[in-house]
Every structure is written in structure tokens, then in C-alpha cells.
Amino acid sequence: MDLSVVIPVRNEAANIAPLVDEIRAALDGRLDYEIVYVDDGSSDGTVAEIERLQRGLPTLRLVRHRARAGQSAAVRSGVRAASAPWIATLDGDGQNDPADIPRLWAMARAAVDARHVLIAGRRAKRRDSAMKRCSSRIANGVRRRMLGDDTPDTGCGLKLFARTLYLDLPFFDHQHRFLPALVIREGGRVVSVPVNHRPRQRGTSNYGTLDRLWVGIVDLVGVMWLKRRAGRAVLRD
Ligand SMILES: Nc1nc2c(ncn2[C@@H]2O[C@H](COP(=O)(O)OP(=O)(O)O)[C@@H](O)[C@H]2O)c(=O)[nH]1
Ligand SMILES: [Mg+2]
């Protein structure tokens, strides 16, 4: 198997079937892949919908958390459960376009140090509310300056990386918003790629704006500390 597409979901019942169709349209016949949904205590029938689709699609997998642990914990559980050495993450609400995955895959395959590279989607034309776009632009600017991660958009859910690279990273809640800085801290590098972005068609966002602001500041200080205390060892050949 080449690739595991890991999708964290919370209350995305109406988005499961359309997204699975799009992933199949983008990857069938091109890659040997599986889809790994990670559900976090959804209450809207998300699990039943995935189980319904599993009957016709053995490469569709479901990992479940007993209680809500958050988007980052869901990504982590999905990567841990993944069968393939390469991972593509995708939001489950249809805002990320699976048609972009083959291009990220080709870039990873072309990189000499591919196992140490994070291919990060950059939402070229962001399709969110003005409030979200504005707060995200400010957050990206501050984070980029404070962490020097040279990544214009770390919040895009579409990313591709080696499973081993991700599992080496320190974990904390909301880690998924700091993957570029954490990969660079491990001696890796980040390639930002312009990708499509679409408005959410169904369901509602799991996030407000201010709830991410406060925890974002605390985490930023935390990652600055992690970076300062990296003490990374480079093995002698
Ligand atoms: N498992 C899990 N997934 C989550 C959680 N919060 C958000 N997600 C998923 O993460 C993706 C992005 O979240 P979304 O609500 O669209 O955030 P937004 O795009 O920033 O408004 C979607 O697939 C959500 O279902 C959570 O607490 N647990
Ligand atoms: Mg969304």
C-alpha cells in the first residue's frame, strides 16, 4: 500500500459519502491507498454513515475514540493505525479538495529527502468567513515570525508526509496547527503548495474564533520553548 488518507471527523455525517466519492475519483487506479476516518464521539450519525459505506468499500477504515479528544488526537490515532508508509491528511467537511492529493504525492516522490519533508497545502483562495480569514492571517503572521517556520498557512488540513516523520514529533492538543515548526525542529523541511479551498457545504464548523486565539497563544509559547530546548542529535555515519 502506498498511501493512507487520514480524515479526522466530528459530526460530518452529510459530508462522508461525497468526500469518499471525490477521493476515489482522484486516486482510484493511480495509487494503492486506504481511507482512515477517525471519529471523535460524533452524535449525528457519522459512524453509521461510514459503516454503511464500508460494506461496499473494504479499503475504507474507521477508528473511533471513546470520547472527544480533539482534531490533533484524531489525526494521531489515524496515523498510528495507518497501513501505508505515507500519509495524506484531509479535513472531512469537503473544504480540502482530494483532487490536489496526486500533485502533493508527486512532489513527495520527487524529493530526495522525502522522508524528512512535510508537503503542506497552502489555501491559495481561502473560502471562509471574513472574520476567520482575518484572524487566520494575523495568527499565521505572528506564528511565522515567532517560530521562523517560513510557512504561510499552517492551518490547511491538506498535508502529505512520511508516517515515520510524524510519529517522531512531540504530541499535544492542537499540535496539527504547528506541524511545520515541529518538522523543522526535527531537522526536516517544509514545502508549501498552493491548493484549492472550498466553502463548507454541509454541517457546521467545530471551531469559533476566540476559542482558538487563547489556546493558540499558549501553544505558541510552548512550541517556542520546545524549539529552544530541541537539543537534536545528528547521528555519525
Ligand atoms: N475527530 C475530531 N475531528 C474534529 C474535531 N474538531 C474538528 N474536527 C474535524 O476537523 C476538520 C476541520 O474542522 P472544521 O470544523 O471544519 O474547522 P474549520 O474549517 O476551521 O472551521 C473537520 O473534518 C472536522 O470534522 C474534534 O474535536 N475531533
Ligand atoms: Mg472546515
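The values are calculated or read from the model by the stated rules, or taken from the named source; none is laboratory data. Computed from a predicted structure; not experimentally measured. Cβ sites come from the backbone with ideal geometry, for glycine too, and all protein chains shown count toward neighbours. These area figures cover heavy atoms from the full protein model, side chains too; ligands, DNA and RNA do not enter into them. Shrake-Rupley method; radii C 1.70, N 1.55, O 1.52, S 1.80 Å.
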Looking at D153, D113 in this structure, which one is modelled with pLDDT under 95 and within 15 Å of ligand 2 (Cβ to nearest atom)? D153
Cβ contacts < 6 Å: first residue free of Cβ contacts under 8 Å to residues at least 40 places away in the same chain, restricted to region 183-212; second residue open to solvent by less than 50 Å² (accessible area, probe 1.4 Å), any location; separation 6+ or different chain. Result? I184/D149
Tell me which residues, restricted to region 141-170, are touching an Asp or Glu at 6+ places or on another chain (Cβ under 6 Å) and either without any contact (Cβ under 8 Å) to a residue 24 or more places away in the chain or open to solvent by 20 Å² or more (accessible area, probe 1.4 Å) (or both). D168
Scanning region 71-90 for residues that are crowded, with 20+ Cβ neighbours inside 10 Å, away from ligand 2 (no atom under 16 Å from the Cβ) and of a type in the set (S, T, N, Q) gives S77
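Take the residues in region 83-115 that are part of a loop (DSSP other than H, G, I, E, B) and of a type in the set (A, V, I, L, M, F, W, C), then tell me which one is nearest to ligand 1 (Cβ to nearest atom).
Out of the qualifying residues, it is L90.
Which residues, counting only those in region 23-70, are acidic (D, E), buried (at least 17 other Cβ atoms within 10 Å of the Cβ) and out of contact with any Lys or Arg (no Cβ under 9 Å at 6 or more places or on another chain)? Spell out the reasoning first.
Let us first name the residues in region 23-70 that are acidic (D, E), namely 28, 32, 34, 39-40, 44, 49, 51.
The next check asks that each one be buried (at least 17 other Cβ atoms within 10 Å of the Cβ); those that pass are 34, 39-40, 49.
Hit for region 23-70 is E49, nothing else.
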When (1) part of a helix (DSSP H, G or I); (2) more than 12 Å from ligand 1 (Cβ to nearest atom) are applied to P152, the one that fails is (1)
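Within the group V183, V191, which residue is in contact with a strand residue (DSSP E or B) (Cβ under 9 Å, 6 or more places away or on another chain), closer than 23 Å to Y33 by Cβ, hydrophobic (A, V, I, L, M, F, W, C) and surrounded by fewer than 20 Cβ atoms within 10 Å (Cβ to Cβ)?
After applying the criteria, what remains is V191.
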Expected single match for under 23 Å from E186 (Cβ atoms) and assigned to a helix (DSSP H, G or I) among R24, R80, R122 is R80
Give me the pairs: first residue in region 8-31 and over 25 Å from Y207 (Cα atoms) and within 9 Å of ligand 1 (Cβ to nearest atom), second residue modelled with pLDDT of 95 or more and not in a loop (DSSP other than H, G, I, E, B), beta-carbon distance under 6 Å, and six or more apart or on different chains, which are they? none
Taking D93 as meeting all but one of (1) more than 15 Å from the chain's Cα centre (by Cα); (2) surrounded by 15 or more Cβ atoms within 10 Å (Cβ to Cβ); (3) within 25 Å of W214 (Cβ to Cβ), write down the number of the exception. (1)
